[in-house]
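Asker: Before we start, here is the structure in question, set down as structure tokens.
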Amino acid sequence: MCIAAYYYKVLEPRFGAELFATLLSIPASKTLLRRHLSTHFVALIGSVVQQQKREAESVPGFIPLTPGQKVKVLTVSSLSLSVFVFLDFDYF
């Protein structure tokens, strides 16, 4: 998978620092480490994207991502232009 696909996963509104910490297997008891990861995660994605993620979380039907959830990434190429399409099987 190319770097752009990983970049789009981080920008996915349901992907946050808590999920990132869980994927890195950081236990919930390590609150200082999780807080440190959270501040650097916000610095990585930027304040505008973080605000978009918070707005998405405030929607009444918001369903956060979980580590076991399956997300399929399809790439469609045409004239050397790649478009990434994310399909979430929970919504079908």
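Just so it is clear, none of the values below were taken in a lab; they were calculated from the coordinates. Because the structure is predicted, anything quoted here is derived from the model rather than measured. Using ideal geometry, Cβ is built from the backbone for each residue, glycine included, and neighbour counts are taken over all protein chains shown.
Asker: To two decimal places, what compactness ratio does the stretch 3-66 give when its Cα radius of gyration is scaled by 2.2 N^0.38 Å?
Answerer: Details: Rg = 11.9 Å, N = 64, 2.2 N^0.38 = 10.7 Å.
Cα Rg divided by the expected 2.2 N^0.38 Å: 1.12.
Asker: Suppose a student asked you for the relative contact order of the stretch 3-66, using Cα pairs under 8 Å spaced at least 6 residues apart; what percent would you report? Write out the running numbers ahead of the final one.
Answerer: Numbers: 35 pairs, mean separation 28.1, N = 64.
44 percent.
Asker: If each of residue 22 and residue 62 carries a label point 7 Å out from its Cα toward its Cβ, how far apart are those two points in nm?
Answerer: 1.5
Asker: Tabulate in residue order the Karplus-calculated ³J(HN,Hα) for the stretch 10-18, using 6.51 cos²θ - 1.76 cosθ + 1.60 with θ = phi - 60°, rounded to whole Hz; enter x for Gly and Pro.
Answerer: Using θ = phi - 60°, the values come out as 5, 7, 4, x, 8, 8, x, 5, 5 Hz.
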